[in-house]
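First up is the structure itself, then whatever we jot down about it.
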Amino acid sequence: MQPNTENDLECIRIQKHFGSVRAVDDVSFEIPKGSFFSILGPSGCGKTTLMRMIAGFEQPSSGDIRIKGKSVIGTPPNRRNVKMVFQHLALFPMMNVYENIAYGLRCAGASKDVIRTKVHDVLERISLPDVANREISQLSGGQKQRIAIARCMVLDPDVLLLDEPLGALDLKLREAMKIELKLLQHQFDTTFVYITHDQSEALVMSDNVAIMNQGKFVQIGTPQELYHNPSAAFVAGFVGDTNRWAGRVTRVEGNTVEVETEAGLAMRGSIRGAGALGVGDKVSAFVRPEFITATKAGTSAGQTGTGQNVIDGRVDSILFNGANSRVLVRDRAGELIEADVVLTGGPQDLKPKDDVTLSWSPEQTMSFKA
Amino acid sequence: MMQKDIKRLSLILLFAPFALWIVLLIVLPHLGMFYISLREKVAPRTYEFGLENYINFFAEPIYWNTLIRTGSMSLLVTVLALLLGFPIAYYIAKIAGHRSRGALFLMCLIPLWVSDLIRAFGWILLLRETGIISSSLQWAGLVNTPVEFLYNDATVIMGLVYTVILFMIVPLVSTLDGMDDSMIEAGYNLGGNGPTVLRRIIIPYAMPGIVSGCIVVFMLTAGSYLTPILLGGKNSSWFTEQIYDQFITRYNWESGAAFGFLLLAFTSLVVWGGLKLSGQTLNSTVARS
């Protein structure tokens, strides 16, 4: 096979066993040059093991890892041009900022002048030109983050691995760092591989996201694809908020199905994912809150188009969060359904105990074979 | 008001044992010794105040040679204990699994359950002319005549290293334990090889533990008496033996007290020099671990 040099990183059928446990099971992917790739999965899904194999701290049981088209199996970690930002950053506390960044260059045998220019360059690029002589303990959380990235980027790596580096930051800083990371990636034009269990981090920053579960890649795609066209029930449930029903197929008609949920609710949905559905099959149906329209009962019942799923219910509570406000509606079967609403603060707003009609299109009812 | 008094009283009560210990057992005897060391014996039961005892020490080469010898051999013991103890501590803290760590630590502690004296006699059983090693060698046909392993410097140093190495391992394990494994991985990831990671990351990180272990080991070695005497015999010329001779054999308390203070001053000077050289302070080392 001709090695593809357009890809910074390729993994081919990687497996890793720990005893009888398959931590990483037959994972293949390729990351084109200069893109931001995230691996998103719940804790314990094997994403950290996968990253450690790319960095060289673990050896895969089988399969091949190629960096810039060259296999790195058997190459020790210090000879791979893959740098890593650790979960707790692992900045060296006994060195100051300058020494931390210069460490890698020293290991590579760069001359003093080269080191000085490169360190100052990279500090300039992360917009922290004045911190060279600070001790690590004198930096703020966000600054440490940037120094950890600079320490890797100064070595001009082919791939930068980031292992949930935002986990330790508080919420506000985390939001700011998400944007900053994306900007830094653009600026350095290096391939970033970002590992996280936080879907919003993955969706906001990535060009492509791989959803990982139980050691396998479930789906790889752009954030939009994963959100709107999940290929498996796990992806639909894991990415984004969603209402979920378990039920059985009562009728199949082309690409649409009629589903009766366990609580006795009837709705129409579109078939997604692999595997044909037949009458009597178990299904999981997913509807995102933003596709459900909640209107006060009686006011605009006629406006719902034909073929929509329509359910009556009563507002249980309002979850006010500015533009992302939601209502929790209890349907006749007693289940809670989430729907996005616009709350203007006026008298037309929904209030708890209001009777409401919920409607959504079958197209947005993603039905997977369970 | 009442509350405040009770608080103060409990503070005093908590502090009292420590204060009593320091004052009664450390400060007062030392003051007494210092006073004795400044007395010159001019005639039986007549004393004059002066520095004669200290001057004697410097005038007689055998005395200060012994002190220098004790100091340098103690330094050698410290270095050997560090070289041997570091890999052991690294293994316990970083390589051994969580379950075996406790067992390994316990194994390091076991020698402490037996008194110094018994352990020294254990060495004697092994190393003397009719001891186990000598007779094994004869039995194996490697030597023809009994070999005496006791009463030389190498044996003294080996015995001392064995006695004190634990005090090197404990502070090293506790500092290395506090080091995040990802720090070492980051060292490799950024391009460092094994020796670089050891020299630039692990050792600088463990420096407080290294210095604190060295201080304790050096002080214990320089002030030890049993091991050098029992394993080194008359040839060991350990400075503590000189002090013992002055006090007990020659019944010259004045001179013995002066020697005691000279040993204290000498070891303090070495420790101070070591701290200056390594750029550490007492606060960052001994007080931390």
Subject >> lysines whose Cα lies under 30 Å from that of A:K296, excluding same-chain neighbours fewer than 8 positions away >> reply: A:K351, A:K353
Subject >> Of B:V156, B:V211, B:V27, the one that fluctuates the most in a GNM where chain B has Cα springs shorter than 10 Å >> reply: B:V27
**OP:** Work out which trypsin sites (Lys or Arg not before Pro) in chain B are exposed loop sites (DSSP not H, G, I, E or B, at most 11 other Cβ within 10 Å) and give the longest gap free of them.
**Re:** B:46-249
Subject >> Most fluctuating residue given options B:T70, B:T227, B:T155, as computed from a GNM of chain B linking Cα atoms under 10 Å >> reply: B:T155
**OP:** Report the label-to-label distance for B:L83 and B:E129 in nanometres (one decimal), using points 7 Å from each Cα along the Cα→Cβ vector.
**Re:** 3.2 nm
Original post:
Once the piece of chain linking A:N321 and A:V204 is laid out straight, how much longer is it, given 0.36 nm per residue of separation minus the C-alpha distance between them?
Top reply: 40.2 nm
**OP:** Tell me the label-point distance for the pair A:S140, B:S278, using the 7 Å Cα-to-Cβ offset, in nm and rounded to one decimal.
**Re:** 3.7 nm
Original post:
Helix A:97-107 versus the longest principal axis of chain A: what is the Cα-based angle in degrees, 0 to 90, to the nearest 10?
Top reply: 70 degrees
**OP:** Out of all DSSP beta bridges with both ends in the protein assembly as shown, state the antiparallel percent to the nearest 5.
**Re:** 75 percent
**OP:** Kindly put A:Y103, B:Y91 in sequence by how many other C-beta atoms sit within 10 Å of each C-beta, fewest to most.
**Re:** B:Y91, A:Y103
Subject >> the stretch A:7-105 - percent relative contact order, Cα under 8 Å, separation 6 or more >> reply: 28 percent
**OP:** At 0.36 nm per residue, minus the direct Cα-Cα distance, what do B:D153 and B:Y225 gain on full extension? Give it in nm, one decimal, please.
**Re:** 24.5 nm
Original post:
What is the calculated FRET efficiency for A:D113 to A:T75, with r their C-beta to C-beta distance and R₀ = 30 Å, to the nearest 0.05?
Top reply: 0.50
**OP:** Check every DSSP H run in chain B and write down those whose alpha carbon atoms cover 24 angstrom or more along the long axis and whose mean Kyte-Doolittle hydropathy is 1.6 or greater.
**Re:** B:153-177, B:203-222
Original post:
Expressed as a rounded percentage, what relative contact order does chain A have, with Cα pairs under 8 Å and six or more residues apart?
Top reply: 15 percent
Subject >> Cβ-based exposure ranking for B:W272, B:W113, B:W64, in which fewest neighbours within 10 Å come first >> reply: B:W113, B:W272, B:W64
Original post:
Between A:S61 and B:R8, how many nm apart are label points set 7 Å from Cα along the C-beta direction?
Top reply: 7.1 nm
Original post:
Ranked by Cβ crowding within 10 angstrom, fewest neighbours first, how are B:W253, B:W238 ordered?
Top reply: B:W253, B:W238
Original post:
Which ³J(HN,Hα) values, rounded to whole Hz and listed in residue order, are derived for the stretch A:331-343 from phi using the Karplus coefficients 6.51, -1.76 and 1.60 in 6.51 cos²θ - 1.76 cosθ + 1.60 with θ = phi - 60°, glycine and proline given as x?
Top reply: 7, 4, 6, x, 8, 9, 10, 9, 9, 6, 9, 9, 10
Subject >> Residues A:K351 and A:L171, FRET efficiency given R0 of 35 Å [Cβ-Cβ distance, rounded to 0.05] >> reply: 0.75
Subject >> Theoretical ellipticity at 222 nm over the protein assembly as shown - DSSP helices of four or more residues, -39500 (n - 2.57) apiece, nearest 500 >> reply: -13500 deg cm²/dmol
Original post:
Applying 1/(1 + (r/R0)^6) with R0 = 25 Å to the Cβ-Cβ distance of B:F49 and B:Y251, what FRET efficiency is obtained, to the nearest 0.05?
Top reply: 0.75
Subject >> Highest-MSF residue in chain A out of A:Q185, A:Q348, A:Q143 [GNM, Cα springs under 10 Å] >> reply: A:Q348
Original post:
When only Cα pairs under 8 Å and 6 or more residues apart are kept, what is the percent relative contact order across chain B?
Top reply: 25 percent
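Every number here is computed from the coordinates shown, using simple stated rules; none is lab data. Note that this is a predicted model, so its numbers are computed, not measured. Methodologically, a virtual Cβ is constructed for each residue, glycine included, from the backbone with ideal geometry; neighbour enumeration extends over all protein chains shown.
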